[in-house]
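Mind looking over this structure? Questions follow.
The values are calculated or read from the model by the stated rules, or taken from the named source; none is laboratory data. These numbers come from a predicted model, not from an experiment. Every residue, glycine among them, receives a Cβ derived from its backbone with ideal geometry; neighbour counts consider all protein chains shown.
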Amino acid sequence: MKKFLIGFFITGLILIGLSTCIRTFGQTLPRKGWFGIGAAPAKNSSANQEGLAVTLVAPNSTGETLGIKVGDVILAIDGKPMNDTASFVAHAQSKIEGDQIEFTILSNGEKITKKGIVKGKPKETSDIADVNYDSVTMSLGTLRTITHIPKNRTGKVPAVFYIQGLPCQSNEYVDPKFVLRQAFDDWVKAGFAVFRVERPNLGDSRATKDCKDMDFNEEVETNKAGYRKLLSYDFIDTDNIFFFGHSMGGWTAPFIAEQKQPKGIMAYGTGFRSWFEYLIDLYRIQGTYGGATHVQTEQQTRMMIPMLYQWLEEDKSPAEMRKNPALKPAVDSVFDGELFNTRNSHYFYTMSKQNLAEQWSKVTSKVNIIYGEFDTAALNARDAITIAEIVNQAHPGNGEYTILPKTEHVFSKVDSYKQTFDLYASNKIYQYASQNYNPEVGRVTVEWMRKAMK
């Protein structure tokens with residue numbers, strides 16, 4: 001599976017422990033700490049020393065403030081040895097702004113100690129929006145919320161609730177050039193506030209369960225909590241809220257709408273089939289976009305189906321399935337230990353068991369399901385067309401689908417499925433997407449929302 005480009009995700013930029021106006025309306029969550037240090041195992045360094053070699057130090061970060069330099073070797077933090085990046089990341093994520101910190105490092109052959117205060121992570125800023133950092137409570141804990149509110153607004157404003165894709169990663173995007181931020185800015189320029197909620201224990205959120213351990217029902221609950229927060233704001237026109245379910249966010253959108261039907265729901269690059277059916281189709285179709293023959297992809301598909309059935313129909317864990325020697329190669333090709341795309345296996349079982357046809361039939365809002373012409377994650381326009389049909393069967397005239405020409409899963413302009421496949425396979429997609437954002441994403445969605453509000 002790892003040779004395939006499993007979809008339904010959006011990735012931000014990562015820097016260990018790594019923005020014009022920020023407004024905090026109700027900051028009840030402390031800001032996570034920020035080391036601003038890139039590091040890699042130092043076993044092969046000229047120092048011939050255990051520890052982590054510093055490969056990057058971000059400006060104005062904790063690392064720069066303490067005088068840590070590229071080429072230094074981190075031996076310990078707060079007395080704890082640092083011999084692998086996992087330990088480093090875990091320690092960085094445990095810190096909050098204002099905490100005491102002590103680095104033991106090797107610098108120019110000399111072992112020294114650096115002490116100081118942890119700086120907070122940079123926050124999102126915007127030239128066109130006031131950025132509201134707030135929080136909301138739910139059964140698992142307290143979640144960070146982020147809202148971009150058009151500057152110089154008068155009265156209440158309509159809003160877009162951006163519902164993120166699959167992987168457990170922060171929904172905060174500090175880089176204003178990041179492709180998602182470009183879409184958000186298009187909505188803000190058109191007069192819409194843009195709202196997001198972080199998942200448990202991501203970003204500043206604090207919860208009793210990590211995102212990777214949640215099931216699909218808890219995913220829905222997380223987003224419902226965010227929606228309640230959005231509905232509570234006195235500056236939001238609550239009769240004109242739109243959902244934008246990106247990728248897997250399109251699975252959750254109709255469930256979130258149970259609380260209060262929004263004015264409209266847009267879902268981009270999303271699916272309708274059970275996860276079991278989707279993965280079968282992914283094996284059968286996606287490889288052909290990269291040049292594989294149908295014979296090759298069919299062989300791969302048939303090899304995977306027994307494992308997919310036990311996982312997604314019988315709720316078998318990777319550990320259980322590995323006990324069967326016939327399934328172990330397929331399991332190892334899909335799972336990173338016990339996780340698939342940063343999620344536990346049971347999450348996908350609970351997701352696969354949802355009746356999306358029934359759920360979409362309950363939506364009374366206007367609905368627009370959007371498929372990018374060369375989206376290799378959503379595979380083809382079939383599900384977009386089907387969801388629109390379901391909505392129209394229940395509520396005639398409410399559903400439509402849109403094909404966005406020459407666009408792939410994360411909003412960039414491309415010329416073919418092959419180009420999309422190659423960009424993901426080479427891990428160049430996010431740099432490319434930020435430089436090649438398709439403004440048609442903003443134009444089409446804004447035009448549709450304005451029409452829905454009339």
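Only residues in segment 214-231 that are in the same structural domain as Thr145 (by TED's automatic domain parsing) and closer than 22 Å to Glu338 by Cα count as the first member; pair them with residues that are part of a loop (DSSP other than H, G, I, E, B) and modelled with pLDDT of 95 or more, Cβ under 7 angstrom, at least 6 apart or cross-chain, and list the lot.
Taking only residues 6 or more apart or on different chains, the pairs are Met214/Pro200; Phe216/Gln354; Glu218/Leu140.
Could we say that Lys418 is of a type in the set (Lys, Arg), over 17 Å from Phe244 (Cα atoms) and not in a loop (DSSP other than H, G, I, E, B) here? Even if it seems obvious, please write down each step before you answer.
Values: of a type in the set (Lys, Arg): yes; over 17 Å from Phe244 (Cα atoms): yes; not in a loop (DSSP other than H, G, I, E, B): yes.
Yes: the conditions hold for Lys418.
Restricting to segment 138-193, count the residues that are polar (S, T, N, Q), over 16 Å from Lys123 (Cα atoms) and modelled with pLDDT of 95 or more.
4
Starting from segment 107-131, take each residue that is closer than 30 Å to Ala193 by Cβ and list its partners that are part of a loop (DSSP other than H, G, I, E, B) and of a type in the set (Phe, Trp, Tyr), counting only C-beta distances under 6 angstrom and pairs at least six apart or across chains.
The qualifying pairs do not exist here.
OK, next. Can you name the helices (runs of 4 or more DSSP H) wholly within segment 270-377 that have at least 2 residues being over 29 Å from Thr407 (Cβ atoms)?
Of the helices (runs of 4 or more DSSP H) lying wholly inside segment 270-377, those with at least 2 residues that are over 29 Å from Thr407 (Cβ atoms) span 294-312, 318-322, 328-334, 345-352.
When residues of segment 274-286 are filtered for being more than 11 Å from Gln300 (Cβ to Cβ) and buried (at least 21 other Cβ atoms within 10 Å of the Cβ), how many remain?
Total meeting the criteria: 3.
Another one. Every residue in segment 90-100 that is of a type in the set (A, V, I, L, M, F, W, C) and either exposed (fewer than 15 other Cβ atoms within 10 Å of the Cβ) or closer than 20 Å to Ala40 by Cβ (or both), please. Write out each step before concluding.
Our first condition is that a residue be of a type in the set (A, V, I, L, M, F, W, C); within segment 90-100, this holds for 90, 92, 96.
Hits for segment 90-100 are Ala90, Ala92.
For Gly249, indicate whether it is assigned by TED's automatic domain parsing to the domain that holds Asp215, over 24 Å from Asn201 (Cα atoms) and buried (at least 21 other Cβ atoms within 10 Å of the Cβ).
Values: assigned by TED's automatic domain parsing to the domain that holds Asp215: yes; over 24 Å from Asn201 (Cα atoms): no; buried (at least 21 other Cβ atoms within 10 Å of the Cβ): yes.
It is false that Gly249 is assigned by TED's automatic domain parsing to the domain that holds Asp215, over 24 Å from Asn201 (Cα atoms) and buried (at least 21 other Cβ atoms within 10 Å of the Cβ).
Could you count how many residues in segment 252-273 are surrounded by fewer than 19 Cβ atoms within 10 Å (Cβ to Cβ) and under 30 Å from Arg322 (Cβ atoms)? Before the answer, list the steps.
Of segment 252-273, the ones surrounded by fewer than 19 Cβ atoms within 10 Å (Cβ to Cβ) are 258-261, 263, 273.
Checking the rest, the ones that are also under 30 Å from Arg322 (Cβ atoms) come to 273.
Residues flagged as surrounded by fewer than 19 Cβ atoms within 10 Å (Cβ to Cβ) and under 30 Å from Arg322 (Cβ atoms) within segment 252-273 amount to 1.
Another question, if that's okay. Looking only at segment 170-180, count how many residues are surrounded by fewer than 19 Cβ atoms within 10 Å (Cβ to Cβ) and of a type in the set (D, E, K, R).
Start the filter on segment 170-180 by keeping residues that are surrounded by fewer than 19 Cβ atoms within 10 Å (Cβ to Cβ), which leaves 174-177.
This time we only want the ones that are of a type in the set (D, E, K, R), so: 175, 177.
Number satisfying all stated conditions: 2.
I've got another one for you. Before we move on, is Leu143 in contact with a Leu (Cβ under 9 Å, 6 or more places away or on another chain), among the hydrophobic types (A, V, I, L, M, F, W, C) and closer than 30 Å to Phe235 by Cα?
Judged against the criteria, Leu143 is a match.
Looking only at residues in segment 384-409 that are touching an Asp or Glu at 6+ places or on another chain (Cβ under 9 Å) and either modelled with pLDDT under 95 or assigned to a loop (DSSP other than H, G, I, E, B) (or both), which one is surrounded by the most Cβ atoms within 10 Å (Cβ to Cβ)?
Among residues in segment 384-409 that are touching an Asp or Glu at 6+ places or on another chain (Cβ under 9 Å) and either modelled with pLDDT under 95 or assigned to a loop (DSSP other than H, G, I, E, B) (or both), the one surrounded by the most Cβ atoms within 10 Å (Cβ to Cβ) is Glu408.
Return the pairs, sorted by first residue and then second, in which the second residue is hydroxyl-bearing (Ser, Thr, Tyr) and at pLDDT 95 or above, the first residue lies in segment 238-265 and is at positive phi and in a loop (DSSP other than H, G, I, E, B), the beta carbons are less than 8 Å apart, and the residues are 6+ apart or on different chains.
Once the first residue is at positive phi and in a loop (DSSP other than H, G, I, E, B) and sits in segment 238-265, its partners that are hydroxyl-bearing (Ser, Thr, Tyr) and at pLDDT 95 or above give Ser247/Tyr268; Ser247/Thr270.
Within segment 418-430, is there a residue that is surrounded by fewer than 20 Cβ atoms within 10 Å (Cβ to Cβ), over 20 Å from Lys189 (Cβ atoms) and either over 22 Å from the mean Cα position of the chain (by Cα) or not assigned by TED's automatic domain parsing to the domain that holds Ile385 (or both)?
Taking every residue of segment 418-430 in turn, at least one turns out to be surrounded by fewer than 20 Cβ atoms within 10 Å (Cβ to Cβ), over 20 Å from Lys189 (Cβ atoms) and either over 22 Å from the mean Cα position of the chain (by Cα) or not assigned by TED's automatic domain parsing to the domain that holds Ile385 (or both).
Return yes when Gly226 is over 17 Å from Thr350 (Cα atoms) and assigned to a helix (DSSP H, G or I) and no when it is not.
So Gly226 passes the test.
Do we have Ala190 as among the small types (Gly, Ala, Ser), touching a helix residue (DSSP H, G or I) at 6+ places or on another chain (Cβ under 9 Å) and buried (at least 21 other Cβ atoms within 10 Å of the Cβ) here?
Values: among the small types (Gly, Ala, Ser): yes; touching a helix residue (DSSP H, G or I) at 6+ places or on another chain (Cβ under 9 Å): yes; buried (at least 21 other Cβ atoms within 10 Å of the Cβ): no.
Against the criterion (among the small types (Gly, Ala, Ser), touching a helix residue (DSSP H, G or I) at 6+ places or on another chain (Cβ under 9 Å) and buried (at least 21 other Cβ atoms within 10 Å of the Cβ)), Ala190 does not qualify.
Return the residues of segment 390-436 that are polar (S, T, N, Q) and either out of contact with any Ser or Thr (no Cβ under 9 Å at 6 or more places or on another chain) or closer than 17 Å to Ala378 by Cα (or both); say none if nothing qualifies. Outline the logic, then answer.
Initial filter on segment 390-436 (polar (S, T, N, Q)): 392-393, 398, 402, 407, 412, 416, 419-420, 426-427, 431, 434-436.
Within segment 390-436, Asn392, Thr402, Thr407, Ser412, Ser416, Gln419, Thr420, Ser426, Asn427, Gln431 qualify.
Taking Thr270, is it of a type in the set (S, T, N, Q), within 20 Å of the chain's Cα centre (by Cα) and at pLDDT 95 or above?
On the way: of a type in the set (S, T, N, Q): yes; within 20 Å of the chain's Cα centre (by Cα): yes; at pLDDT 95 or above: yes.
The answer is yes for Thr270.
Considering only segment 144-169, how many residues are surrounded by fewer than 21 Cβ atoms within 10 Å (Cβ to Cβ), of a type in the set (Gly, Ala, Ser) and on the phi < 0 side of the Ramachandran plot?
Looking only at that region, the number is 0.
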